[in-house]
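A short worksheet on the structure shown next.
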Amino acid sequence: MKKHNYSAGPCILPQEVFEEASKSILNFNESGLSILEISHRSKDFVAVMEEARALVLELLNLEGKGYQALFLQGGASLEFLMVPYNLMKTNGKAAYLDTGTWASGAIKEAKAFGETVIVASSKDANYNYIPKDYSIPTDADYFHCTSNNTIFGTQMKSFPNTTIPVVCDMSSDIFSRSLDFSKFDLIYAGAQKNMGPAGTTLVVVKEEILGKTGRAIPNILNYEQHIAKESMYNTPAVFAVYTSLLTLKWLKKLGGISAIEKINEAKANLLYTEIDRNPLFKGTVLKEDRSAMNATFLLENQDHQELFDSMWKKAGISGINGHRSVGGYRASMYNALPLDSVQVLVDVMKELEKNS
Ligand SMILES: *Cc1c(COP(=O)(O)O)cnc(C)c1O
């Protein structure tokens, strides 16, 4: 039986995507070949790459606005490095907002390239809120933020206005909510949280911000090279890109980002309402900063843990143990998780209250 999969990443994808992807492993496009055994230069795969890149821009409403979509490798973690490599001028500086483990990982890499200004941090409170009143130096080469903090369960609900380029790690909430994506100059996201299987990383970049550092950049780390080669500088992650395309097509058929946003809001409301109502549970982050993607919560009383754990397991729920740095529970409600799965978790929480 299919589990209710709350895994934080890699994570659930739409069931029909699993089905179609598995068919393509045996016979891709009725070609008599598997998607796993064809050349990335074949006509069929070049078409997949082109369609995926175009569909990303279409869904983000960035067509014809000077942006390029790339499917790279190395994960979001490699983007921590590629961003300063490609955007920080020699002897330049960059501004970072520190909202958690991933943001601080990005800061660490940037420090190797130049002055790194941390405009604000919520580290003092174990990252349980998003800092709001801070100023961004206008002489920095770019401002970097993390839209959704997968581990701590916070999400930026608004983004600062600034005249410098804005870079955002959207690994865990890309394609989940409507934003004016043209406010960002570079967006990156590991595929494995909301777009596809692990193995590819989406980068959406406004071309005009590139080529200004005065530094020699190795080809494999150079966004301009990847753009010139149409995201085929070297062998791309063929299967991960193909499966990401299936997920993007699923999203488009559903009505795009504005449609999934409503469903995501309904799921988050359902779970957070129960966390707040049920006296046995409490949330871990400031309410106004709660993530619609990753809900973190604790039991008020650890004595209930054994019973609760056995109850959700019996209900077919998987993957809600919290990250080791926070403890408790984390329910990741990415695009493909159905509202029904959230109802199952909420029912278990209500049942626990009755039984204790
Ligand atoms: C998971 C995650 C990362 C790391 O992604 P990798 O692809 O494993 O390098 C970075 N940032 C955020 C916000 C994440 O959720």
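Summary table below
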quantity	calculated
Hits in segment 206-226 (condition: over 26 Å from the mean Cα position of the chain (by Cα), within 19 Å of VAL166 (Cβ to Cβ) and exposed (fewer than 15 other Cβ atoms within 10 Å of the Cβ))	GLY211, LYS212
Only one of THR163, THR213, THR243, THR235 that is touching a helix residue (DSSP H, G or I) at 6+ places or on another chain (Cβ under 8 Å) and not in a helix (DSSP H, G or I)	THR213
Selection status of ILE275, more than 18 Å from the chain's Cα centre (by Cα), β-branched (Val, Ile, Thr) and surrounded by fewer than 18 Cβ atoms within 10 Å (Cβ to Cβ)	no
Hits in segment 222-270 - residues which are closer than 24 Å to ASP180 by Cβ and among the small types (Gly, Ala, Ser)	SER244, GLY255, GLY256, SER258, ALA259, ALA266, ALA268
Top-ranked residue of segment 160-177 - restricted to ones that are within 16 Å of the ligand (Cβ to nearest atom) and out of contact with any strand residue (DSSP E or B) (no Cβ under 6 Å at 6 or more places or on another chain), ranked as nearest to SER244 (Cα to Cα)	PHE175
Selected residue [among the polar types (S, T, N, Q), touching a Lys or Arg at 6+ places or on another chain (Cβ under 6 Å) and not assigned by TED's automatic domain parsing to the domain that holds ILE130] from SER318, SER291	SER318
Tabulated pairs, segment 332-356, first of a type in the set (Asp, Glu), second surrounded by 14 or more Cβ atoms within 10 Å (Cβ to Cβ), C-beta under 6 angstrom, 6+ apart or interchain	GLU353/ASN278; GLU353/LEU280
Members of segment 251-297 found to be small (Gly, Ala, Ser) and assigned to a loop (DSSP other than H, G, I, E, B), listed by number	GLY255, GLY256, SER291, ALA292
Residue among SER42, SER22, SER34 that alone is free of Cβ contacts under 8 Å to residues at least 40 places away in the same chain and exposed (fewer than 13 other Cβ atoms within 10 Å of the Cβ)	SER22
Segment 141-160: number of residues that are closer than 16 Å to ASP98 by Cα, touching a residue at least 12 places away in the same chain (Cβ under 8 Å) and part of a loop (DSSP other than H, G, I, E, B)	10
Flag if ALA47 is part of a helix (DSSP H, G or I), modelled with pLDDT of 95 or more and aliphatic (A, V, I, L, M)	yes
Boolean, GLY100 is in contact with a Ser or Thr (Cβ under 9 Å, 6 or more places away or on another chain) and crowded, with 21+ Cβ neighbours inside 10 Å	yes
Top-ranked residue of segment 166-205 - restricted to ones that are surrounded by 24 or more Cβ atoms within 10 Å (Cβ to Cβ) and among the polar types (S, T, N, Q), ranked as modelled with the lowest pLDDT	ASN194
Some residue of segment 88-110 being away from the ligand (no atom under 16 Å from the Cβ), assigned by TED's automatic domain parsing to the domain that holds SER158 and assigned to a helix (DSSP H, G or I)	no
Contacts under 6 angstrom Cβ, first residue in segment 316-328 being farther than 8 Å from THR296 by Cβ, partner outside any loop (DSSP other than H, G, I, E, B) and polar (S, T, N, Q), 6 or more apart	SER318/ASN5; GLY319/ASN5
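Results for (1) part of a helix (DSSP H, G or I); (2) among the aromatic types (Phe, Trp, Tyr); (3) surrounded by fewer than 18 Cβ atoms within 10 Å (Cβ to Cβ); (4) outside the structural domain of THR243 (by TED's automatic domain parsing), shown as yes or no for each residue.
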residue: ARG53; (1), (2), (3), (4): yes, no, no, no
residue: ASN61; (1), (2), (3), (4): no, no, yes, no
residue: GLY64; (1), (2), (3), (4): no, no, yes, no
residue: ALA69; (1), (2), (3), (4): no, no, no, no
residue: PHE113; (1), (2), (3), (4): no, yes, no, no
residue: VAL117; (1), (2), (3), (4): no, no, yes, no
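Each row is one residue, and each column tells you yes or no for (1) modelled with pLDDT under 95; (2) touching a Phe, Trp or Tyr at 6+ places or on another chain (Cβ under 9 Å); (3) more than 25 Å from GLN155 (Cβ to Cβ).
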position: VAL56; (1), (2), (3): no, yes, no
position: LEU70; (1), (2), (3): no, yes, no
position: GLN73; (1), (2), (3): no, no, yes
position: GLU79; (1), (2), (3): no, yes, no
position: TYR85; (1), (2), (3): no, yes, yes
position: ALA94; (1), (2), (3): no, yes, no
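The values are calculated or read from the model by the stated rules, or taken from the named source; none is laboratory data. None of the values given here were measured: they were computed from a predicted structure. FYI the Cβ positions are ideal-geometry reconstructions off the backbone, even for glycines, and counts take in every protein chain you see.
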